[in-house]
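Below is one structure; the comments refer to it alone.
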Amino acid sequence: MKQPNIVIIDYGVGNTYSVGNAIKFLGYKKLEVSDDFRVIEEADVLILPGVGAFEEAMNNLKSRNLIPLLNEQVLANNKPILGICVGMQLMATESMEKGVHKGLNWIGGRVEKLELKPEYAVPHVGWNNVNYKEECSLFRKNEKGANFYFDHSYFFNPESKEHVVAHCDYDINVIAAVQKDNVFGVQFHPEKSQTSGLKLFRSFFNAL
Amino acid sequence: MLKKRIAATVVVRDGIVVQSINFNRYLPVGKPPIALEFLNSWGIDEIVLLDITASKGGCMPDYDMVKQASAKSYVPLTVGGGIRSIEHIRELMHCGADKVSFNQAAIQNPELISKAASVFGNQCVVVSIDALHTPAGYKVYDYLEKKTLDFSPAKFAVSMERLGAGEILINSVDRDGSYKGYDLELINSVCEGVTVPVIAAGGAKNATDFVNVLGQTEVRAASAANFFHFTEHSVNTTKAHIVKTLDVRLETHADYNENDFDKDGRLLKKADKVLEDMLFIKIEKEEI
């Protein structure tokens, strides 16, 4: 197919430069980093990156008036979107990070703190192998048990387990990826997961 | 399972990657973007980019250099050198850095460590400690003043963790560029006191040194600089050797899993018969 219009949503948090570099490496030319309404409306696919705290990320989306626009694009127009790390957590109903904060509520569930045995350090930082559902369009190109780079203290726990498409083992089953229809989210950083991450981006765009 | 990490330290001086020997001799290696691109394609787990001119000249971090270098590297990147304010950190994150490393600032302005941790999270803050062996035990070494300070790296690491450091990089000045292997005694002394991940640096000569430090100490990662720069596929061949005893990530297209290594971890030539047969095997290019 012809190249999709990819828009990385710029909301003042998140490492948009790294995500953009990884996508550019794959040869996609129609790529913009933007918070402009018209640019987002014309996109074929959206990426919601993120690093940092949930509340700040949510406030930044609010202050740029992006929430009604994103709801319309994602829920009404069924535009595919990939959330990364905090970008994925924002898709939850609420987060328990530093108080209770409301999220976008695209996938029912709650963002909870990793409560692990003392020998498991939190944040969960480093390369961990991910077990995924084969039918999920994110992982079509990845080897079984591929490693991805994680860096987080909180994790998204969806109400319905059918929305969990991948998990990894770090004392508990940490949810690594979620999907509900056109809404995709990954807890790890595909833009920092070398070939495994690049393959994930490729599968995601190929499935459009 | 969380993997042990193999990291590469890239030392930059005046915009050029250098081989550092005992912190006083520097041999040129090449341009940072090329070094990072190769390390990345050889399957490194993490890159630490240290600009040793930025602190010395009292100048700002070299944002353009970081931006260019990070563009072709798709692994976590830690940047150090000349970071003196929260604004410096913010700008570096926009240039592709995931973590920042403090060395001089940790000694002179420890407040910056706690400030950085509260703004960007502990996972973003790495404190890099240079240590020198003296008759009175291990001491922290101040490379700007070229003198040892009156406290041990172990004690310093504990106080840095308390301030909010999420990771400690311990570098042996004596072993720097010496190819004598990691200083296990020094590394153990630091690991004992802290709960955050420790990265070992200084002295790696070959894959066996990695096996020793990852197997005999509590470090979560081991780093090398010089020895990764001078051999083709240095990272994947090193990992292919380590993966025989320890859990590390080996996912490069050329994974050297079928190869044998000598006792120093050097790649051995395959048997003539095997090489002959390989002539007729089509090796597919990796498709991403």
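Just a few scattered comments:
- Note on segment B:94-120: residues that are within 14 Å of chain A (Cβ to nearest Cβ) and either open to solvent by less than 20 Å² (accessible area, probe 1.4 Å) or in contact with a helix residue (DSSP H, G or I) (Cβ under 9 Å, 6 or more places away or on another chain) (or both) total 11.
- Test: residue in segment B:260-273 that is within 14 Å of chain A (Cβ to nearest Cβ), surrounded by 10 or more Cβ atoms within 10 Å (Cβ to Cβ) and within 31 Å of the chain's Cα centre (by Cα): no
- Only one entry in A:A177, A:A92, A:A166, A:A146 is small (G, A, S) and either within 13 Å of another protein chain (Cβ to nearest Cβ) or open to solvent by 10 Å² or more (accessible area, probe 1.4 Å) (or both), namely A:A146.
- Which listed residue, of B:L214, B:L186, is out of contact with any helix residue (DSSP H, G or I) (no Cβ under 6 Å at 6 or more places or on another chain), farther than 19 Å from A:E119 by Cα and not in a loop (DSSP other than H, G, I, E, B): B:L186
- Near pairs, Cβ below 7 angstrom, 6+ apart or cross-chain, from segment B:229-253 (touching a residue at least 40 places away in the same chain (Cβ under 8 Å) and away from chain A (no Cβ under 12 Å)) to any residue that is open to solvent by 50 Å² or more (accessible area, probe 1.4 Å) and of a type in the set (A, V, I, L, M): B:H229/B:V29
- Subset tally (residues that are open to solvent by less than 40 Å² (accessible area, probe 1.4 Å) and over 22 Å from the mean Cα position of the chain (by Cα)) for segment B:146-159: 1
- The C-beta contact set for segment A:181-198 (first residue on the phi > 0 side of the Ramachandran plot, second residue among the aliphatic types (A, V, I, L, M) and in a loop (DSSP other than H, G, I, E, B), distance under 6 angstrom, 6+ apart or interchain) comprises A:Q194/B:V75.
- Checking A:V74, A:V19 one by one, the residue that is under 22 Å from B:A97 (Cα atoms), of a type outside the set (K, R) and in contact (Cβ under 8 Å) with a residue 12 or more places away in the chain is A:V19 and no other.
- Near pairs, Cβ below 9 angstrom, 6+ apart or cross-chain, from segment B:83-96 (more than 18 Å from A:S18 (Cα to Cα)) to any residue that is in a helix (DSSP H, G or I) and aromatic (F, W, Y): B:I86/B:F120
- Every residue from segment A:117-139 that is farther than 21 Å from B:I168 by Cβ and in contact (Cβ under 8 Å) with a residue 12 or more places away in the chain: A:K117, A:N128, A:N129, A:V130, A:N131, A:Y132, A:K133, A:C136, A:S137, A:L138, A:F139
- Single residue of A:F155, A:F204 found to be open to solvent by 10 Å² or more (accessible area, probe 1.4 Å) and modelled with pLDDT of 95 or more: A:F155
- Residues of segment A:1-30 that turn out to be open to solvent by 10 Å² or more (accessible area, probe 1.4 Å), within 14 Å of another protein chain (Cβ to nearest Cβ) and not in a helix (DSSP H, G or I), as a count: 8
- Boolean, B:G15 is open to solvent by 10 Å² or more (accessible area, probe 1.4 Å) and either free of Cβ contacts under 8 Å to residues at least 60 places away in the same chain or not aromatic (F, W, Y) (or both): yes
- Among residues of segment B:32-67, those that are in a helix (DSSP H, G or I) and within 11 Å of chain A (Cβ to nearest Cβ), counted: 6
- Tally, over segment A:104-141, of residues that are touching a helix residue (DSSP H, G or I) at 6+ places or on another chain (Cβ under 6 Å), surrounded by fewer than 22 Cβ atoms within 10 Å (Cβ to Cβ) and within 10 Å of another protein chain (Cβ to nearest Cβ): 2
- In segment A:59-83, the qualifying residues are those that are under 11 Å from A:L46 (Cβ atoms) and out of contact with any strand residue (DSSP E or B) (no Cβ under 9 Å at 6 or more places or on another chain), and the one that is least open to solvent (accessible area, probe 1.4 Å) is A:L69.
- Positions within segment B:160-183 being part of a loop (DSSP other than H, G, I, E, B), within 17 Å of the chain's Cα centre (by Cα) and surrounded by 19 or more Cβ atoms within 10 Å (Cβ to Cβ), in sequence order: B:A165, B:G166, B:V173, B:R175, B:D176, B:G177, B:Y182, B:D183
The values are calculated or read from the model by the stated rules, or taken from the named source; none is laboratory data. The structure displayed is predicted, hence computed values, not measured ones. With ideal geometry, Cβ positions are generated from the backbone for all residues, glycine too; neighbour counts draw on all protein chains shown. Surface areas here come from the heavy atoms of the whole protein model, side chains and all, with no ligands, DNA or RNA. Shrake-Rupley method; radii C 1.70, N 1.55, O 1.52, S 1.80 Å.
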